[in-house]
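These notes are about the structure you will find just below.
Read the figures in this text as sums done on the coordinates, not as results from a lab. These numbers come from a predicted model, not from an experiment. Glycine gets a Cβ as well: all are built from the backbone with ideal geometry, and neighbour counts include every protein chain shown.
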Amino acid sequence: MLNLSILDLLVPILGIILSILYVPVTLLTLLVHRRFSEITTWRSFRQAWFGRFWYCFGWASRALFAPDVEKVLAGAHGVVLDIGTGSGDWGVDELERWGVKPGTVDTISTVHVLCSVQSPALLVGDLYRYLKLGGRWLVYEHVKVRRKWSLTAGFQAMINIVWPYFFDGCSMTRETEDLLLHSGKWTSADLRPAPNEGWFNALPHTVGVLVK
Ligand SMILES: C[S@@+](CC[C@H](N)C(=O)[O-])C[C@H]1O[C@@H](n2cnc3c(N)ncnc32)[C@H](O)[C@@H]1O
């Protein structure tokens, strides 16, 4: 059945409110644990803030995403690169340091990551090279609202003006499907809107598998 709950629009607003609540919590924790260096720059504080917030929020929202995420991740096999499970920005030069060579990875998974990466096109292009022929890219990412002239799309664009400040640089309006589809040649590409997401969902997902 079509989900037309307009209350879905409240979700990003609640997310921002929760994130704000974590500012004093993070500050207090850093002071109590004498982690003063993390308060000296905005960047390091933002990372500590988001890390703490996501630790709780990510865990609490797990039940919501788990059915779709687990289904897609069940396709992982062989050498697996699960991108963006830790904190901080990251580049493929790290892979070379760990001895991972281009064309040797069986599975890449990105779950709620490409929204937060500073230069997604660069990272996606680099990662594509590391995937074997026949290797799979498992995807679960939130994306730009597909109905361009809808209320939800307008609302998403508006909220996205402030959203990155509260979610460590995350963007709500990335066209990640297009980015992935055009990052290289795929022998099969099956990316779809996540099931059961309503018309007023301002954080709609794309889910699926790309095979090189
Ligand atoms: C919203 S969190 C999601 C974390 C985890 N994937 C999850 O679903 O709980 C976004 C993650 O993207 C990571 N990230 C941001 N830029 C990245 C980059 N350039 N390379 C790898 N990971 C990155 C952040 O460190 C953060 O862990």
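Miscellaneous remarks
- Whole-Å distance, taken between Cα centres, linking the range 29-63 and the range 108-146: 25 Å
- Zone residues, the range 15-29, relative to R52, backbone N less than 17 Å from point 7 Å out along Cα-to-Cβ: 16-29
- D (Stokes-Einstein, µm²/s), Kirkwood Cα radius, the range 106-212, 0.890 mPa s at 25 °C: 171 µm²/s
- Close Lys pairs in the chain, defined as Cα atoms under 16 Å apart and 8 or more places apart or on different chains, number 4.
- More than 23 angstrom apart: percent of Cα pairs within the chain: 50 percent
- For the range 17-119, chymotrypsin sites (Phe, Trp or Tyr not before Pro) are listed when DSSP marks them as loop and at most 13 other Cβ atoms sit within 10 Å of their Cβ; the list is F36, W98.
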